[in-house]
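So the structure is just underneath, and the comments pick up after that.
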Amino acid sequence: MKIVIYGAQSIALGTYLALTTLFQDIYVPFFLVNEKGINPDFLSGKPVKVMSDFSAIELCKKAKILICTPENVMDEIEEKLDERGIYDHVRMTSSRFAELLSYAYTKSGEFRPLSHYPVGMKKADINMYMAKFHKDKVLKGDVEIPDFITPIQVGTMITDTRVAECVDSDGDNISARNGNYSELTALYWIWKNVLENECCNDYVGLVHYRRLLDLSDDDLMRLDSNDIDVVLPFPMPYEPNIESHHKRYLRDNDWKALIKAIEEIHPEDFGGMKDVLNQRYMCNYNILLAKKDVMKDYCAWLFPILFRVEELSEPKGNERADRYIGYMGETLLNVYFMSRKNQFRIAYTGCKFCI
């Protein structure tokens, strides 16, 4: 079966790797994009072609097109395909993508899905915080928010607008530094104002208003009975490795500051960090659900590194607001949990994208 994948970033690459892992009869001649931009020339050895390539478009008319991009741009992509006479296209929605990854990772033996653990008899006591920002775009459709999710407004100190009752500016907080920390100002607030509370839920987590961990009622009954320490979103693949991926978003001096901060504060992790950064797969978005003690230990490890990075950065953290600390948090989440994968029982699930 001939399939052309529209897209040339992590969703497209993840779809390609999963399909070729699961099905022997699928042939992908190339990836298709609207324009070259930052897209690579090749992805997993396959060429990346643009819409202006007449021969590619003609071939697309004879193949099924899988649209593998963020869902908020899929309407526009379908219009462009239809304009060129390409009508046989299917959306790789976040739910379909998660299901595909679940089967592929199960077959490969990597990143065991939470759904593959047996269902227990007790639903875990969890509280998931959903970061919201006052400039977030309104979602097109109604999104059903589970009862265990509490919206928390981030960056509350920098605006008078309120979009949630729970705010990251109460108590011990770094709300004013949201321009660099993004959703991590919510994680800091959770650490200092929730995890220190003896009445804290057994599991505590963080998601975004557009990106939710896909957790069913059965999944909630898998956590306690299987002694799951942490649930992370399915890892996404990057070429050639996750270090190269994050260097696209971080200045060289900032990256050096991160390396130096880890070497100073957690020298025991410095050697293993390189191994993690050389991996192809990473969990994105600073999203996770963990036992309260695991989350507490992770935050106590994470934030001293980030504070030191702000001091070492040029310009320093208090002189800028470009979300660079948030990007570093994604890298460090993977360093922390991937280098301790034999210490923790880690399960993975899909990440639902809300539009």
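Structural remarks
- Under the condition of being in a helix (DSSP H, G or I) and open to solvent by 60 Å² or more (accessible area, probe 1.4 Å), the residues counted in the range 46-79 number 7.
- Matching residues, the range 30-45, being in contact with a helix residue (DSSP H, G or I) (Cβ under 7 Å, 6 or more places away or on another chain) and either open to solvent by less than 50 Å² (accessible area, probe 1.4 Å) or outside any loop (DSSP other than H, G, I, E, B) (or both): Phe30, Phe31, Leu32, Leu43, Ser44
- Check on Phe31, among the hydrophobic types (A, V, I, L, M, F, W, C) and touching a residue at least 12 places away in the same chain (Cβ under 8 Å): yes
- Hits in the range 304-326 - residues which are buried (at least 19 other Cβ atoms within 10 Å of the Cβ) and either in contact with a Leu (Cβ under 6 Å, 6 or more places away or on another chain) or not acidic (Asp, Glu) (or both): Ile305, Leu306, Val309, Ser313, Gly317, Tyr324, Ile325, Gly326
- Looking across Asp170, Asp160, Asp142, Asp147, one residue alone is surrounded by fewer than 14 Cβ atoms within 10 Å (Cβ to Cβ), assigned to a loop (DSSP other than H, G, I, E, B), in contact with a helix residue (DSSP H, G or I) (Cβ under 8 Å, 6 or more places away or on another chain) and of a type in the set (Asp, Glu). It is Asp170.
- Hits in the range 117-139 - residues which are among the charged types (D, E, K, R), in a loop (DSSP other than H, G, I, E, B) and out of contact with any helix residue (DSSP H, G or I) (no Cβ under 7 Å at 6 or more places or on another chain): Lys122, Asp125, Lys135, Asp136, Lys137
- Meets criteria (modelled with pLDDT of 95 or more and open to solvent by less than 20 Å² (accessible area, probe 1.4 Å)) for Pro113: yes
- Flag for Asp229 being over 19 Å from Gly326 (Cα atoms) and either hydrophobic (A, V, I, L, M, F, W, C) or modelled with pLDDT under 95 (or both): no
- Residue among Tyr249, Tyr238 that alone is more than 25 Å from Trp301 (Cα to Cα) and either of a type in the set (Ser, Thr, Tyr) or modelled with pLDDT of 95 or more (or both): Tyr238
The values are calculated or read from the model by the stated rules, or taken from the named source; none is laboratory data. None of these values were measured; they are calculated from a predicted model. Note that we place each Cβ from the backbone using ideal geometry, even for glycine, and neighbour counts take in every protein chain shown. Just the protein is used for accessible areas: all its heavy atoms, side chains included, with ligands, DNA and RNA removed. Shrake-Rupley method; radii C 1.70, N 1.55, O 1.52, S 1.80 Å.
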